[in-house]
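To keep things clear, I will list the structure first and then write my remarks on it.
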Amino acid sequence: MKQLIALMTTAMLAMNLHAQEELPLYDKEVPNSIAGNNDERAETGSDGILRIYNVSKPTLTVYLPDAGKSNGTAVIICPGGGYRLLAAGHEGADVAREFTKWGVTAFVLKYRLPDDAIMKDKSIAPLQDAQRAIQMVRDKAKIWQLNPKQIGIMGFSAGGHLAASAGVHFDKAEIDNPLKTSLRPDFMILVYPVISFTDELAHKGSREQLLGKTPDKKQVMFFSAEQQVTKKTPPTFLVHAKDDKAVKYENSMAFAASLEQNKVKHDIYLYDKGGHGFGMVNKTSDVKWMKYVQQWMADQDLLIRTTKF
């Protein structure tokens, strides 16, 4: 009888999770928060880009493959926006839908945007949300029919900085983790990412939004992902354009060099042109970088279900 009740409970929970497209990231109170007004707003600009501002209540939006098509792999997507906003369409939902075509379950993370008025420590809030997203997806892997060892993270621009931060700082939990769930992503995909906060490479807008105008050296070092790589850093695929004037492509090169030094599997695709913020489609080239990502994932057996989970 107890087994029957447990099965029914699991089934009901699964139906509930599948029915909800957007899930609150935290079950109770949002950690590291100060009570304040929720001024979140979403706007679609004349350029067709959906932008979300003033995020204080983080969520995870689930994109499921068609029934029977899931291969057990999941990716958590962090849109960019300089830690000022989230480019939630072309660097979020659109990318998630593409992954579902491959059988990958995708999750778009609407992470908190740094704000001293509603956060005790704004510098760590986005990382808390990224860690919580990994924890949540891994803890509920059976419900979504996922392999808990095939959960990756992806980020664009400042979202790439957040994803990379999650990939190098997984050993220190910035959130409650009673089950000691691994917070390490199994792979990373970083697209024109902000990697370094050093004066030479930093996207200064992202650095100021996260750390303020006068960050100390320890903060700069902590949030410079290329200086935090170890042999445990997840395998990584990088994409960048050499003419990116917003985020220097040397950010990706520096991270790739650190991965190489630590013998971490990685690959990188560099466009000659394309600038910054092109999402999945670089209009200056016929090359579709997502096809390279697809092949890279296939080479790592991330696109073929080998067993039930």
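The values are calculated or read from the model by the stated rules, or taken from the named source; none is laboratory data. Fair warning: this is a prediction, and the values are worked out from it, not measured in the lab. With ideal geometry, Cβ positions are generated from the backbone for all residues, glycine too; neighbour counts draw on all protein chains shown.
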Exercise for the section: Looking for whichever is over 15 Å from residue 165 (Cβ atoms) and at pLDDT 95 or above here; the options are 237, 222. Which one fits? Expected result: 237
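One line per residue, one yes/no per condition, for (1) free of Cβ contacts under 8 Å to residues at least 40 places away in the same chain; (2) under 22 Å from residue 80 (Cα atoms); (3) surrounded by 20 or more Cβ atoms within 10 Å (Cβ to Cβ):
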{"residue": "225", "(1), (2), (3)": "no, yes, yes"}
{"residue": "248", "(1), (2), (3)": "no, yes, yes"}
{"residue": "255", "(1), (2), (3)": "no, yes, yes"}
{"residue": "259", "(1), (2), (3)": "yes, no, yes"}
{"residue": "265", "(1), (2), (3)": "yes, no, no"}
Fill in the blank from the handout: Picked from segment 189-219 (must be over 14 Å from residue 162 (Cα atoms) and β-branched (Val, Ile, Thr)), the residue surrounded by the most Cβ atoms within 10 Å (Cβ to Cβ) is 198
Exercise for the section: Look at residue 239 and say whether it is surrounded by 21 or more Cβ atoms within 10 Å (Cβ to Cβ) and part of a loop (DSSP other than H, G, I, E, B). Expected result: no
Problem - When residues of segment 174-223 are limited to those that are assigned to a loop (DSSP other than H, G, I, E, B) and aliphatic (A, V, I, L, M), the one farthest from residue 82 (Cα to Cα) - result: 179
Problem - Subset of segment 32-71 [under 21 Å from residue 157 (Cα atoms), surrounded by 14 or more Cβ atoms within 10 Å (Cβ to Cβ), at pLDDT 90 or above and among the β-branched types (Val, Ile, Thr)] - result: 52, 55, 59, 61
Completion exercise
With the first residue restricted to segment 39-68 and required to be in contact (Cβ under 8 Å) with a residue 24 or more places away in the chain, and the second required to be of a type in the set (Ser, Thr, Tyr) and in a loop (DSSP other than H, G, I, E, B), Cβ contacts under 8 Å at 6 or more apart or on different chains are 55/111; 58/26; 58/111; 64/70
Practice task
State whether one or more residues within segment 274-287 are in a helix (DSSP H, G or I), hydroxyl-bearing (Ser, Thr, Tyr) and either more than 22 Å from the chain's Cα centre (by Cα) or within 15 Å of residue 164 (Cα to Cα) (or both).
Solution key: no
Fill in the blank from the handout: Among residues of segment 127-151 being in contact with a Ser or Thr (Cβ under 8 Å, 6 or more places away or on another chain) and within 13 Å of residue 83 (Cβ to Cβ), the residue surrounded by the fewest Cβ atoms within 10 Å (Cβ to Cβ) is 127
Practice task
Output the residues belonging to segment 168-188 that are under 16 Å from residue 297 (Cβ atoms) and either aromatic (Phe, Trp, Tyr) or crowded, with 23+ Cβ neighbours inside 10 Å (or both).
Solution key: 185, 187, 188
Problem - Condition check for residue 133: of a type in the set (A, V, I, L, M, F, W, C) and in contact with a strand residue (DSSP E or B) (Cβ under 6 Å, 6 or more places away or on another chain) - result: yes
Fill in the blank from the handout: Considering residues that are within 18 Å of residue 277 (Cβ to Cβ), of a type in the set (Asp, Glu) and part of a loop (DSSP other than H, G, I, E, B), the number found within segment 72-128 is 0
Handout entry: segment 89-118, subset buried (at least 20 other Cβ atoms within 10 Å of the Cβ), out of contact with any Lys or Arg (no Cβ under 7 Å at 6 or more places or on another chain) and aliphatic (A, V, I, L, M), residue farthest from residue 155 (Cα to Cα)
Key = 118
Exercise for the section: Check whether at least one residue in segment 72-95 is charged (D, E, K, R), touching an Asp or Glu at 6+ places or on another chain (Cβ under 9 Å) and either at pLDDT 90 or above or under 30 Å from residue 119 (Cβ atoms) (or both), and report yes or no. Expected result: no
